[in-house]
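See below for the structure under consideration.
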Amino acid sequence: MAVISFIDAITMAMREEMRRDPNVFILGEDVGVRGGVFRATVGLIEEFGEERVIDTPLAESAIVGVGIGAAAYGMRPIAEIQFADFIMPAVNQIVSEAAKMRYRSNGDWFCPITIRAPFGGGVHGALYHSQSVEALFTNVPGLKVVAPSTPYDAKGLLKAAIRDDDPVLFFEHKRCYRLIKGEVPEEDYVLPIGKADVKREGTDITVISYGLTLHFCLQAAEKLAEEGISAHVLDLRTLYPLDKEAIAEAAAKTGKVLIVHEDNKEGGVGAEVAAVIAEQCLFDLDAPIKRLCGPDVPAMPYSPPMEKFFMLNPDKVLEAMRELAHF
Amino acid sequence: MTTKRHEQVGLTDAQVLDMYYYMLLARKIDERQWLLNRAGKVPFVISCQGQEAAQVGAAFALRKGKDYLCPYYRDLGVVLVFGQTARDCMLSAFAKAEDPNSGGRQMPGHFGGKKWNILTGSSPVTTQVPHAVGIALAGKMQKKDFVVYTSFGEGSSNQGDFHEGANFAGVHKLPVIFFCENNKYAISVPLKKQLACESVADRAIGYGFPGVSVDGNDPIEVYRVMKEAVERARSGGGPTLIEAVMYRLVPHSSDDDDRTYRTREEVEEAKKKDPILLFGQYLKEVGLMDENKEQDLLARVQMEVDEATEYAENAPYPAPESTLTHVYGE
């Protein structure tokens with residue numbers, strides 16, 4: 001099995017889906033001849049032509065809104081938002097339209113659009129090229145929100161998103177694009193949206209995360225094992241709707257839970273994860289639920305020391321894990 | 001006898017009589033809904049009154065069952081021509097389970113129905129414009145020859161989604177008709193506080209396609225410019241922006257009171273140009289309708305509205321727990 005980068009897995013998923021289904025097409029800024037500013041769509045315009053890899057005018061609400069119209073008609077659009085930070089002009093289309101079409105038409109219409117957006121920091125992107133915006137969308141029934149952390153999951157989940165009959169927001173941590181590599185089968189496979197995945201089995205503490213910070217958790221768990229502490233690591237993969245069963249199971253397994261995400265803490269995905277645990281398995285807990293998240297500031301500053309302060313890293317995660325283990 | 005203007009634009013006698021029927025039907029459904037609202041039987045009404053000529057004239061230039069609609073909330077006349085019935089509209093007004101638009105989930109005026117090629121709509125204005133462009137893009141990709149009609153008010157022509165959608169359609173030369181129903185008021189705010197340009201149609205030039213302004217009280221003129229736009233779209237010539245100028249004869253909705261922002265004299269003056277009145281006169285002048293025929297038609301429409309009201313009033317509500325269905329596909 002070939003070892004490829006996270007971004008190559010994304011490209012592979014799109015290429016395979018476009019070969020499989022002529023209704024799949026891509027629209028977004030610079031997705032054509034440039035192959036995307038992160039190069040996620042590289043080579044696709046050469047293979048599928050400019051009719052199916054559309055360089056759109058620079059207008060996010062139209063990228064999503066036009067995609068929604070095409071999806072409702074029966075196409076399978078993949079709309080690329082260049083940076084998750086720039087999704088804001090399209091929020092009305094995503095929340096008022098895509099998420100509600102099926103419901104408001106009593107099941108008559110539906111909207112199978114996939115909206116891809118690179119999120120997260122650690123790339124000197126400053127306030128507006130670093131944000132984690134997932135929490136804005138994780139209380140919107142009708143939407144599905146996916147954030148894979150490995151190349152294998154990225155390919156399988158993106159293919160599932162494209163085939164899904166409902167709108168899927170697909171967040172890709174941009175730091176993962178070239179940093180994270182992994183084995184990805186050449187053949188066709190899909191992974192279920194809505195299912196979390198145990199990335200490491202353990203017995204002493206449970207760590208729940210997604211995206212880039214999931215890798216920090218795995219690295220920290222590795223070090224912690226040397227100290228004789230065994231960490232169980234759950235990758236949420238889908239942020240909405242949450243895999244409540246897997247969360248409760250993972251929490252109950254060790255009785256000590258740390259939730260880690262780069263997005264700021266208050267009202268973040270971790271808050272809902274903590275609520276699920278509190279509702280479903282409070283009496284299995286041996287310690288208060290702990291969260292390690294980005295600070296509650298508007299966004300990530302540009303200056304390197306400030307960016308570093310904002311970002312999590314394996315050491316910060318290790319510290320929090322150790323503290324929890326010794327509670 | 002007055003010249004038969006409708007023949008000059010390719011409309012038959014039967015067609016214009018049919019147009020008048022749809023205009024009248026829209027008006028009478030609308031009027032009944034206000035009565036029902038004031039009687040406390042339906043919670044909300046949003047009107048088409050004063051806009052029926054433009055709506056029916058536009059819809060007659062489209063092919064029912066083939067072309068697509070992304071209408072806005074006043075387009076009762078358009079959806080009736082495309083196949084919705086008085087009963088469908090009343091089921092929506094009463095929010096009953098059988099409402100084909102939404103199963104009673106949405107307020108009236110939020111049209112939709114796959115069987116009629118009417119895309120489901122929402123309340124935030126102008127969001128339907130990019131959708132129309134997307135349907136047209138899909139049609140072009142699949143080499144279909146349908147056109148897409150989308151409508152909105154003049155206030156909505158200020159929304160980003162209008163400009164983003166129009167620009168996209170212009171760049172890709174897509175078969176979309178942007179149909180602006182300029183009824184002079186965005187709730188209470190008059191045209192002069194909404195736009196600095198002379199006409200909504202002027203906005204088209206920025207997107208590289210024609211913009212046409214037309215008398216929205218004249219269904220024949222609206223049909224003529226729509227027909228031209230449809231033919232251009234179908235032959236690959238790209239979009240057209242049409243501004244139909246008319247007047248909203250009633251308040252914005254059943255919850256509005258237009259006495260707070262416009263004079264009764266102004267409204268009375270506009271009523272002299274009520275499109276139903278004018279078109280009725282035209283049909284009489286060209287000898288297609290007389291008093292008797294008019295009364296017969298009115299009686300037929302009233303009967304339809306009565307039947308629809310009775311049916312909808314007695315129809316069952318959705319089951320309360322059905323609130324939980326249709327969030328995601330099965």
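A single member of A:68, A:87 is more than 8 Å from chain B (Cβ to nearest Cβ), buried (at least 22 other Cβ atoms within 10 Å of the Cβ) and not charged (D, E, K, R), and it is A:87.
Let's see how each residue does on (1) open to solvent by less than 50 Å² (accessible area, probe 1.4 Å); (2) part of a helix (DSSP H, G or I); (3) under 18 Å from residue A:271 (Cα atoms):
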position	(1), (2), (3)
A:203	no, no, no
A:208	yes, no, yes
A:218	yes, yes, no
A:224	yes, yes, no
A:229	yes, no, no
A:234	yes, no, yes
A:239	yes, no, yes
A:246	yes, yes, yes
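Scanning segment B:38-54 for residues that are open to solvent by less than 20 Å² (accessible area, probe 1.4 Å) and not in a loop (DSSP other than H, G, I, E, B) yields B:52, B:53, B:54. Of everything listed in (1) modelled with pLDDT under 95; (2) open to solvent by less than 70 Å² (accessible area, probe 1.4 Å), the single unmet condition for residue A:1 is (2). Count of segment B:60-80 residues, restricted to those that are surrounded by fewer than 24 Cβ atoms within 10 Å (Cβ to Cβ) and either within 23 Å of residue B:307 (Cβ to Cβ) or within 12 Å of chain A (Cβ to nearest Cβ) (or both), is 1.
In segment A:102-117, what residues are facing another protein chain (nearest Cβ under 7 Å) and either under 23 Å from the mean Cα position of the chain (by Cα) or farther than 13 Å from residue B:120 by Cα (or both)? Break it down stepwise before answering.
Pass one, segment A:102-117, residues facing another protein chain (nearest Cβ under 7 Å): A:102-110.
Scanning segment A:102-117 gives a single hit, A:110.
Can you confirm whether residue A:52 is more than 10 Å from chain B (Cβ to nearest Cβ), open to solvent by 10 Å² or more (accessible area, probe 1.4 Å) and charged (D, E, K, R)?
Values: more than 10 Å from chain B (Cβ to nearest Cβ): no; open to solvent by 10 Å² or more (accessible area, probe 1.4 Å): yes; charged (D, E, K, R): yes.
The answer is no for residue A:52.
Given the residues A:317, A:269, A:273, A:260, which is the only one that is buried (at least 19 other Cβ atoms within 10 Å of the Cβ) and touching a Phe, Trp or Tyr at 6+ places or on another chain (Cβ under 6 Å)? Matching residue, one of A:317, A:269, A:273, A:260: A:317.
Does residue B:195 count as among the hydrophobic types (A, V, I, L, M, F, W, C), surrounded by 21 or more Cβ atoms within 10 Å (Cβ to Cβ) and part of a loop (DSSP other than H, G, I, E, B)? Don't jump to the end; show me each part of the working.
Details: among the hydrophobic types (A, V, I, L, M, F, W, C): yes; surrounded by 21 or more Cβ atoms within 10 Å (Cβ to Cβ): no; part of a loop (DSSP other than H, G, I, E, B): yes.
No: the conditions fail for residue B:195.
For segment B:86-99, the count of residues that are crowded, with 22+ Cβ neighbours inside 10 Å and outside any helix (DSSP H, G or I) is nonzero. Looking at the structure I just gave you, is residue A:59 modelled with pLDDT of 95 or more, within 11 Å of another protein chain (Cβ to nearest Cβ) and either touching a strand residue (DSSP E or B) at 6+ places or on another chain (Cβ under 9 Å) or buried (at least 23 other Cβ atoms within 10 Å of the Cβ) (or both)? Criteria not met by residue A:59.
Looking only at segment A:140-192, residues that are over 11 Å from the mean Cα position of the chain (by Cα) and assigned to a loop (DSSP other than H, G, I, E, B) come to 18 in all. Tallying residues that are at the interface with chain A (Cβ under 7 Å from one of its Cβ atoms) and among the aliphatic types (A, V, I, L, M) within segment B:101-128 yields 1.
The single condition among (1) open to solvent by 30 Å² or more (accessible area, probe 1.4 Å); (2) within 13 Å of chain B (Cβ to nearest Cβ); (3) within 26 Å of residue A:266 (Cβ to Cβ) that residue A:124 does not satisfy is (2).
Taken over segment B:126-149, the criterion of being open to solvent by 20 Å² or more (accessible area, probe 1.4 Å) and more than 14 Å from the chain's Cα centre (by Cα) is satisfied by B:140, B:141, B:142, B:143, B:144, B:145.
The values are calculated or read from the model by the stated rules, or taken from the named source; none is laboratory data. This structure is a prediction, so every number in the text was calculated from the model and none was measured. Note that we place each Cβ from the backbone using ideal geometry, even for glycine, and neighbour counts take in every protein chain shown. Accessible surface areas use protein heavy atoms only, side chains included; no ligands, DNA or RNA. Shrake-Rupley method; radii C 1.70, N 1.55, O 1.52, S 1.80 Å.
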